[in-house]
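> Dropping the structure in here first, questions after.
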Amino acid sequence: MKGLRSPRRKDTKRTSVQAPSPPQNLEIPPSTSGNISAIWDEPAKFNGPRQTVIYKLVLAPADPTTVIDSSRFLRSVSVNVSGTSWNSSQSVQPFTDYTLSLTAVQTNDSSQGLTSDSVVKPVRVDDINLVKATFTYVQLTQRGLQWEVTMNWQRPPPFNGKIWPSNLLKYRLEVSIGSKEPFELTTHELSITLNETVKPLTVFSVKLRPILNGKDIYKHLEIVHTSKTGKIDTLSTPLPDTKQGEGSQDTNVNTIVIIVSASILACVLIFCFILMYLYRRKSRNTAQEAGRSA
């Protein structure tokens, strides 16, 4: 019977070992570079030798389906840390929701790696130097009785010292004019002229969003410009219009054709008049000679 009681005492002693309490006061200081740092305090209770406690830290997108440009930004990381602070070696993707999970792990033999409850903090880097592109100016040019709209904007500044690759960075514009259906335009350039003119006193709106490598992942960088076109003074001379220029060129060509045709016709009429004059003169001379012969 005594031999049977000994294992029970061992089991009771083993199950009495407890995991450490969670780390305390987890903080994530604001980032100006995109790299994440975290600091925390030790657990209130170690429930084992203090020097055998480590901290497991996991940083990952809050939504696992989030598209991350892994060639430029940190997607996820899982590390074990012996101290009470940590810094990421790579910047996280801006304007993307991450979560940071921190647990204390007791690694001594008797604890068998028991872990504390996790402390979870949201991570989102919005206050970095990656600001929204801004419209430098919106130009309205009179085209006949309507307005032509040209939009210009600035390129986003470097993020964490890295220049956005021009060959991968595009801009998507969603344009709404009055009550018409919105339409989209995409360009690599920093300006665009709408392919549709706008009537006077019409509200138009343009949403601009940068897209990187064909992935529309920077939704939070969207900017919107809304304006209303002014009146057009029909008494004033409109600015040059390419379409009007083409029409005026056609008019000039028609005018030249008419002038040339009229000149040719006049020459023909003069030639005919000369021929008639010569014919009548010859006939008169012939009649006179016939009279003399008689």
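> Can you name the residue in the stretch 217-238 that is outside any loop (DSSP other than H, G, I, E, B) and surrounded by 14 or more Cβ atoms within 10 Å (Cβ to Cβ) and is also modelled with the highest pLDDT among such residues? It would help to see each step written out before you state the result.
Step one: of the stretch 217-238, the residues outside any loop (DSSP other than H, G, I, E, B) are 219-221, 223-228.
Pick out the ones that are also surrounded by 14 or more Cβ atoms within 10 Å (Cβ to Cβ) and you get 221, 223, 225, 227.
On the way: Leu221: 66, Ile223: 78, His225: 81, Ser227: 84.
If we take residues in the stretch 217-238 being outside any loop (DSSP other than H, G, I, E, B) and surrounded by 14 or more Cβ atoms within 10 Å (Cβ to Cβ), then Ser227 is modelled with the highest pLDDT.
> Any residue in the stretch 168-179 that is closer than 18 Å to Thr193 by Cβ sitting within a Cβ distance under 8 Å of a residue that is in a loop (DSSP other than H, G, I, E, B) and small (Gly, Ala, Ser)? List the pairs, counting only those 6 or more apart or interchain.
The qualifying pairs are Lys170/Gly214; Tyr171/Ala133.
> Using the structure shown, decide if Ser71 is of a type in the set (S, T, N, Q), loosely packed, with under 14 Cβ neighbours inside 10 Å and at pLDDT 90 or above.
So Ser71 fails the test.
> Across the stretch 40-68, what is the total count of residues that are of a type in the set (S, T, N, Q), open to solvent by 40 Å² or more (accessible area, probe 1.4 Å) and closer than 12 Å to Pro20 by Cβ?
The qualifying residues number 1.
> Go through the residues of the stretch 124-144 one by one and say whether even a single one is modelled with pLDDT of 80 or more, touching a strand residue (DSSP E or B) at 6+ places or on another chain (Cβ under 6 Å) and either more than 30 Å from Pro210 (Cα to Cα) or buried (at least 18 other Cβ atoms within 10 Å of the Cβ) (or both).
Pass one, the stretch 124-144, residues modelled with pLDDT of 80 or more: 139-144.
Cutting the leftovers down to touching a strand residue (DSSP E or B) at 6+ places or on another chain (Cβ under 6 Å) gives us 139-141.
The next check asks that each one be either more than 30 Å from Pro210 (Cα to Cα) or buried (at least 18 other Cβ atoms within 10 Å of the Cβ) (or both); those that pass are none.
Among the residues of the stretch 124-144, not one is modelled with pLDDT of 80 or more, touching a strand residue (DSSP E or B) at 6+ places or on another chain (Cβ under 6 Å) and either more than 30 Å from Pro210 (Cα to Cα) or buried (at least 18 other Cβ atoms within 10 Å of the Cβ) (or both), which makes the answer no.
> Surrounded by 15 or more Cβ atoms within 10 Å (Cβ to Cβ) and at pLDDT 85 or above: which single residue out of Ser37, Ser21 fits that description? Spell out how you get there, then give the answer.
Values: Ser37 fails: surrounded by 15 or more Cβ atoms within 10 Å (Cβ to Cβ).
Of the residues listed, the single one that is surrounded by 15 or more Cβ atoms within 10 Å (Cβ to Cβ) and at pLDDT 85 or above is Ser21.
The values are calculated or read from the model by the stated rules, or taken from the named source; none is laboratory data. Source: prediction; values computed, not measured. Note that we place each Cβ from the backbone using ideal geometry, even for glycine, and neighbour counts take in every protein chain shown. These area figures cover heavy atoms from the full protein model, side chains too; ligands, DNA and RNA do not enter into them. Shrake-Rupley method; radii C 1.70, N 1.55, O 1.52, S 1.80 Å.
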